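As structure tokens, the structure follows; a few thoughts come after it.
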Amino acid sequence: MQKKPIETVGVVGLGKMGAAIASALVKKGTKVYGFDPNIKDSPVSGVNLVGTLDAISKETDVIVIAVKPNLVIPVLKEFSKPATFVSIAAGISYSQILEAAPQGSYSVRVMPNLPLVSERGAIAYFCDDASVSNVERLFSGMGSQIRVSKESLMDAVTGLSGSGPAYVLTFLQAMAEGGLQEGLSYEESLSLAMETIEGTLVYFRKLRENDPNLHPMEMRNWVTSPGGTTIHGLDALERGGFSTAVRDAIKRATERSKELGKG
């Protein structure tokens with residue numbers, strides 16, 4: 001049974017990720033109050049833009065902090081009323097949030113990713129038991145939610161799914177350029193690449209509903225014939241270090257998340 005959405009939410013910081021969260025909230029009927037001193041007009045239709053943090057506090061006790069990591073603590077210290085503060089910043093710890101927020105507040109660390117605006121996001125979070133319901137209600141209908149067992153895993157989440165859309169888009173562009181190189185138009189190549197990526201994932205997800213143990217490599221083998229085109233293409237990927245490069249990207253992004261937490 002889907003939980004009832006939170007009626008009002010504050011969003012501090014309306015950059016790309018903050019605006020995406022605000023947009024997803026508005027779409028499901030939540031009243032959203034936004035604050036961002038760097039903009040005059042809200043980038044999201046339906047968001048009530050206010051001029052102060054106090055104005056946010058007066059309207060709601062669930063507040064998403066969507067500013068850059070170095071601004072999270074200074075912003076939290078500006079609040080005077082306790083609330084549930086949901087930080088999406090990489091590297092800023094649960095205890096740092098709680099220490100900077102007004103006494104009596106709740107601390108939540110969340111790492112969402114951009115696809116949540118299309119209801120297909122990957123949303124991982126760490127918080128105490130008392131805040132779980134608020135997190136689930138806040139992000140309901142935006143994608144898959146995963147509560148991690150240890151806060152240290154939030155850095156790995158950041159490196160994998162937080163940064164992941166950029167990896168996927170880089171792969172998409174590389175596929176489109178590959179088709180362009182072989183004589184297809186860019187639009188033809190991009191369309192084929194998008195449908196191939198999306199269709200493969202939709203099919204794989206559907207198959208796993210019936211067989212949760214299905215491995216990606218098992219499905220890959222279905223389209224990899226002996227001596228055929230696919231095995232030669234896969235060989236080229238591995239000679240270029242494809243799998244290692246992806247794992248290294250996640251490792252380096254995870255390390256950077258840890259560095260951000262150290263200031």
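At a threshold of 8 angstrom on Cα-Cα distance, excluding pairs fewer than six apart, so keeping six or more, what relative contact order does the chain reach in percent? Before the final figure, lay out each step's value.
Working: 409 pairs, mean separation 39.3, N = 263.
Result for the chain is 15 percent.
Would the range 126-177 count as rounded, prolate or oblate if I go by the C-alpha gyration tensor, calling it rounded below 1.5 in a/c and otherwise prolate when a/b exceeds b/c, oblate otherwise?
On the way: a/c = 5.43, a/b = 2.05, b/c = 2.65.
It comes out oblate by the Cα gyration axes.
Please give the net charge around residue 98, taking every other residue with its beta carbon less than 13 angstrom from that of residue 98, where Lys and Arg add +1 and Asp and Glu add -1. Overall, the nearby charge balance is -1. Angle, helix 229-239 long axis vs. longest principal axis of the chain, Cα atoms, 0 to 90°, nearest 10? For 229-239 against the chain, the angle is about 60 degrees. Beta bridges assigned by DSSP with both partners in the range 106-263 are antiparallel in approximately 45 percent of cases.
Between residue 197 and residue 68, what FRET efficiency follows from the Cβ-Cβ distance if R0 is 41 Å, with the result rounded to 0.05? Please list the in-between numbers first.
Details: r = 30 Å, r/R0 = 0.73.
For residue 197 and residue 68, the calculated efficiency is 0.85.
Residue-wise HN-Hα couplings along the range 253-260, as the Karplus relation 6.51 cos²θ - 1.76 cosθ + 1.60 with θ = phi - 60° gives them from phi, are 5, 5, 4, 5, 4, 5, 5, 4 Hz; Gly and Pro carry x.
When the chain is treated as a GNM with alpha-carbon contacts under 10 Å, the residue of 119, 182, 99 showing the greatest mean-square fluctuation is 182.
Keeping all protein chains in place, calculate the accessible area per residue for the chain (probe 1.4 angstrom), answer in Å². Working shown, then result.
Details: 15120 Å² over 263 residues.
Value returned for the chain: 57 Å² of accessible area per residue.
Between 209, 198, 187, the GNM of the chain built on Cα springs shorter than 10 angstrom shows 209 fluctuating the most.
Taking a ≥ b ≥ c as the square roots of the eigenvalues of the Cα gyration tensor, an a/c ratio of 1.5 or more together with a/b no larger than b/c marks the range 12-128 as oblate.
Apply 1/(1 + (r/R0)^6) to the Cβ-Cβ distance of residue 45 and residue 147, taking R0 = 35 Å, and write down the FRET efficiency to the nearest 0.05.
Values: r = 31 Å, r/R0 = 0.90.
Result of the calculation: an efficiency of 0.65.
What is the helix-to-structure angle for 186-210, meaning the angle in degrees between its Cα long axis and the longest Cα principal axis of the chain, kept from 0 to 90 and rounded to the nearest 10? The answer is roughly 80 degrees. Of the cross-linked pairs 28/58; 31/81; 58/258; 16/150, those separated by over 31 Å at the C-alpha level are 58/258.
Using alpha-carbon pairs under 8 Å, 6+ residues apart, how would you state the relative contact order of the range 10-62 in percent? Numbers along the way, then the final one.
Working: 73 pairs, mean separation 20.3, N = 53.
Relative contact order comes out at 38 percent.
What you get for the chain, charging only the Cβ of Lys and Arg (+1) and of Asp and Glu (-1), is a dipole of about 600 debye around the Cα centre. Overall, the anisotropy analysis places the range 188-245 in the oblate class: the square-rooted eigenvalues a ≥ b ≥ c of its C-alpha gyration tensor yield a/c not less than 1.5, with a/b not exceeding b/c.
Which percent of the accessible area of the range 80-217 is formed by carbon and sulfur heavy atoms (probe 1.4 angstrom)? Please report the intermediate quantities before stating the final value.
Values: 4290 of 7470 Å².
C and S fraction of accessible area: 57 percent.
Maximal additional length on extending the residue 186-residue 229 stretch stands at 13.3 nm, based on 0.36 nm per residue less the C-alpha distance. Within the listed set 205, 137, 120, the residue fluctuating most in the Gaussian network model of the chain (springs between alpha-carbon atoms under 10 angstrom) is 205.
The values are calculated or read from the model by the stated rules, or taken from the named source; none is laboratory data. Keep in mind the model is a prediction, meaning the values are calculated, not measured. Glycine gets a Cβ as well: all are built from the backbone with ideal geometry, and neighbour counts include every protein chain shown. When the accessible area is computed, the model is the full protein with side chains, heavy atoms only, and any ligands, DNA or RNA have been set aside. Shrake-Rupley method; radii C 1.70, N 1.55, O 1.52, S 1.80 Å.
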